[in-house]
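Reading through the structure tokens given below for one structure.
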Amino acid sequence: MENIIKLRERPELLSAGARWFHEKWGIDEEAYRESMEECLRGAATVPQWYLYLEDGAILGGMGVIENDFHDRKDLAPNVCAVFTEEAHRGRGIAGALLSAVCEDMASLGVHTLYLLTDHKSFYERYGWEFFCMAQGDGEEEPSRLYRKVTK
């Protein structure tokens, strides 16, 4: 899908992407920038970052990092920062991104991905399976950890 951008193929979107993720999740913009710069250096398969663009605007995005700030460091890498702008939800943007990310990571030799979430049924629609509970850093209650295995 031409709306889905791999940051490594469009490095000029780094600043806009880091700012957008920061605005959605409240995590320091510099942390996103550092991870995205590491992605662009290409020394390792992870991290990777993806954006969904429409008419030049970022409507959705997600990344793949080693660990999404939880206690199961052995379950890696993790899809993280999954977000679709509220006004554009229900259009399949997140599903398209999830599909593209799984396909891209498989092409890079990564066939198992994990994802930490509080959602109870959203990811099952896209072939993710509940794997276990995991304790998020600084969280009171454990969250659901999903797994997706690709061919």
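The values are calculated or read from the model by the stated rules, or taken from the named source; none is laboratory data. What you see is a predicted model, and the numbers here were worked out from it, not measured in a lab. When we count neighbours, we look across all protein chains shown, and the Cβ atoms used for this are built from the backbone with ideal geometry, even at glycine.
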TODO: Starting from the range 71-92, keep only residues that are under 24 Å from residue 131 (Cβ atoms), then list their pairs with residues that are of a type in the set (Lys, Arg) whose Cβ atoms are within a distance under 9 Å, requiring at least 6 positions of separation or different chains.
DONE: 75/147; 79/148; 81/24; 83/24; 84/91
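Name the one entry in 118, 104, 71 that is of a type outside the set (Val, Ile, Thr) and at pLDDT below 95.
Details: 104 fails: at pLDDT below 95; 71 fails: at pLDDT below 95.
Checking each option against the conditions leaves just 118.
Counting only residues that are among the small types (Gly, Ala, Ser) and surrounded by 15 or more Cβ atoms within 10 Å (Cβ to Cβ), which one in the range 121-137 is modelled with the lowest pLDDT? It would help to see each step written out before you state the result.
So in the range 121-137, the residues among the small types (Gly, Ala, Ser) come out as 121, 127, 134, 136.
Checking the rest, the ones that are also surrounded by 15 or more Cβ atoms within 10 Å (Cβ to Cβ) come to 134, 136.
Values: 134: 97, 136: 93.
Step by step, filter the range 121-137, then rank; the result is 136.
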- [ ] Scan the range 112-151 residue by residue and report those that are more than 18 Å from residue 47 (Cβ to Cβ), charged (D, E, K, R) and part of a strand (DSSP E or B).
- [x] 129, 144, 147
Task: Residues of the range 41-58 classified as outside any loop (DSSP other than H, G, I, E, B), free of Cβ contacts under 8 Å to residues at least 60 places away in the same chain and surrounded by 16 or more Cβ atoms within 10 Å (Cβ to Cβ), total - done: 6
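Restricting attention to the range 59-84, which residues are crowded, with 17+ Cβ neighbours inside 10 Å and either more than 13 Å from the chain's Cα centre (by Cα) or among the small types (Gly, Ala, Ser) (or both)?
Correct list: 59, 60, 61, 63, 70, 72, 75, 81.
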- [ ] Would you check if there is a residue in the range 44-52 being modelled with pLDDT under 95 and over 24 Å from residue 150 (Cα atoms)?
- [x] no
TODO: Provide a single number: the residues in the range 89-111 that are β-branched (Val, Ile, Thr) and assigned to a loop (DSSP other than H, G, I, E, B).
DONE: 1
